[in-house]
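Structure, as C-alpha cells:
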Amino acid sequence: MLWILDGMDHTHTTEVDAPASELWDAKYLERERIWSGAPNLVLVEETADLQPGTALELGAGEGADAIWLAKKGWQVTAVDVSAVALGRAAQHATDEGVADRIGWEQMDLAAEFPEGEFDLVSAHYFHSHGELPREQILGSAADAVAVGGVLLVVGHAGPPSWVTDHDHGDLPTPTEVYEGLRPRDGEWEILSCRELQVPMTAPDGSAGARSDNVLKIRRLVPAEQKRT
Ligand SMILES: C[S@@+](CC[C@H](N)C(=O)[O-])C[C@H]1O[C@@H](n2cnc3c(N)ncnc32)[C@H](O)[C@@H]1O
C-alpha cells in the first residue's frame, strides 16, 4: 500500500483492492474538497518557458492544474478515474470561466489511454493507495507527447521526514522514472531530472520536509510504436 504523502490524514475507508474508481470516489467523498485548489508549484515553474498548445493532464483530481493551464492559454484534456473529483473540477472550471478550454475524461488509465498527441503531458503526484501500474501509464504518457512537446512528471521521492515506517519501494527516483520510460538513444532531451525538498509542517506542528522528484523531458523524434 502506498501512502499519499501530503501530510493529511489518509485513513482509508475503502478496501485498497477495490476498483480504482470506487477507491478514489470514496476518498473524494470523505470531504467537500481534498486538495488546496492551488496549482502545483512545480507545474507553474516548469511550464513558464513553454508556448501554450494542447495539454494532457493525468490524475487531474479536483482540477487545479488543468484550470491553471487553461487560464494560461492551453487547451487541456484532463483525465481522472474519479467521477466525483471530475464533477468538482468541471464546476470549478465553470466558476473560473475556462470550461470551454478543458475536456474532462473519466477513465481508468490502467485500462485505457486518451487518443492523440499533445504539446504537454503532465502528471503530478500520480500515486495511489490502490493498485496502479504507474510505469506502464507513464510509458503511454511518453508516447502521447508530440515531437517538440514536453513530458512533465512530478511525484513523491520519499515520505515526509516524520514518517519512519514507510516502504520506499513505490517511490522511484527521477532517474528511475526516466529509465522506466525505456527511452531510446536520442529520443528525448532531458530538461530537468532532479529531487527537491518541500518544506512541510508535521502533525505535531514542528517543521518537516518531504522529498519530491521532477522529470521534464522534450521529445526530439516521434515515438517508435505506441504502447497501449
Ligand atoms: C494523489 S492524487 C493527485 C491529484 C492531482 N494531480 C494533484 O496533484 O493534486 C492522484 C489522482 O490520480 C487519480 N487516479 C488514481 N488512479 C487512477 C487511474 N488508474 N486512472 C486515472 N486516474 C487515477 C486519483 O483519482 C487522484 O485524483
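What follows is calculated from the coordinates using simple rules that are stated; it is not laboratory data. This structure is a prediction, so every number in the text was calculated from the model and none was measured. Note that we place each Cβ from the backbone using ideal geometry, even for glycine, and neighbour counts take in every protein chain shown.
Under 15 Å from the Cβ of Asp49, count the other residues' Cβ atoms, weight Lys and Arg +1, Asp and Glu -1, and hand me the total.
Here the charged neighbours net out to -1.
For the residue pair Ser206 and Leu191, what label-to-label distance in nm results when each label sits 7 Å from Cα along the Cα-to-beta-carbon direction?
Placing both labels 7 Å along Cα→Cβ, they lie 3.9 nm apart.
So, in Å, what gap is there between the alpha-carbon centers of the range 34-98 and the range 120-169?
16 Å
What residue among Pro172, Gly148, Asn213 has its Cα farthest toward the positive end of the dipole of the chain, where the charges are +1 on Lys, Arg and -1 on Asp, Glu, each on the Cβ?
After comparing all options, I get Gly148.
With +1 on each Lys and Arg Cβ and -1 on each Asp and Glu Cβ, and nothing else charged, work out how big the dipole of the chain is about its Cα centre, in Debye to the nearest 20.
The calculated dipole for the chain is roughly 580 debye.
Let me test this: with uniform point scatterers at the alpha carbons of the chain, what is the Debye-based log₁₀ I(q)/I(0) at q = 0.14, 0.18 1/Å?
Each listed q maps to, in turn, -0.89, -1.51.
Ranked highest first by the average count of other Cβ atoms within 10 Å around their residues, in what order do 170-180, 24-34, 186-196 fall?
Highest mean packing first, the order is 170-180, 24-34, 186-196.
Among His129, His124, which comes first, then next, by fewest other beta-carbon atoms within 10 Å?
His129, His124
Between His129 and Thr164, what is the FRET efficiency for a Förster distance of 22 Å, r being their Cβ-Cβ separation, to the nearest 0.05?
0.70
Sort 59-72, 203-216, 110-123, 140-153 by the packing proxy (mean of other Cβ within 10 Å over each peptide's residues), most packed first.
The densest-packed peptide leads the list: 59-72, 140-153, 110-123, 203-216.
So, in nm, how far is label Ala48 from label Gln75 when the simple model puts each one 7 Å beyond its Cα toward the Cβ?
2.8 nm
Take Asp95, project a point 7 Å from its Cα along the Cβ direction, then tell me which residues of the range 60-88 have their backbone nitrogen under 20 Å from it.
Residues 60-72, 78-80, 82-88 fall inside that zone.
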